[in-house]
Amino acid sequence: MAFEKDCPHALPESSDHKPPHEARRMFLKQSSILTAFALTPGVAVKAADLKFEEKVAAAFEQVKVTLEINGKKHKLSLEPRTTLLDLLRERLQLTGTKKGCDYGQCGACTVHVDGQRVNSCLTLAVMQDGKKVTTIEGLADGDNLHPMQEAFIKHDGFQCGYCTPGQIMSAVACIREGHADSDEEIREYMSGNICRCGAYPNIVNAIKEVKNGGLKV
């Protein structure tokens, strides 16, 4: 039996009380708005206009950053959440650096920051302010390939080629770090770079040639 208004057990009426289906609809609507903000340019302004909390709007503010990428200085305004990988590929059109897993597990996005290899998909661009970044595009000297690039071609260190930029950047770092004195050591310190085509023996041979040849990397 439905409760009547004068029933002593009936819930008191309240303007704040909404049926479950309406509360769910309101939650989904708010979630959709937040999602739209994350995908829409000028989201900080929109958040402010709609009187969202300052913390929400602040998450999308632009931060000024200066980076030296492949020898060229860039002054940029970036959202704090922008990864170095997305900056390189989407903003600067340096698409040699590949987006593989986007979780730092495949190594396809490897670049050098101040000479150290990093997974650019896990690196926030704003945290690299004032640093020097080198991508696969910055290894060659004009039309002259880097010794490691030449070695990869000579030893067929790639097949589909998708992981190759990251492999080469890690290979250069592997020698610089002093971790290329044996096949086992090379495999260990290159283990963060996955080659789904299975060109690992050829990659090891390419690294060994550059290391044993004493070529500058």
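Over region 147-212, what is the mean sequence separation of C-alpha contacts under 8 Å (at least six apart), divided by residue count, expressed as relative contact order in percent?
On the way: 70 pairs, mean separation 33.2, N = 66.
Answer for region 147-212 is 50 percent.
Determine, for each peptide in 132-138, 68-74, 151-157, the mean count of other beta carbons within 10 angstrom over its residues, then list the peptides with the highest first.
Result, highest mean Cβ count within 10 Å first: 132-138, 151-157, 68-74.
No value in this document is a laboratory result; all are computed from the given coordinates. Note that the coordinates shown come from a computational prediction; the quantities given were computed from them, not determined experimentally. With ideal geometry, Cβ positions are generated from the backbone for all residues, glycine too; neighbour counts draw on all protein chains shown.
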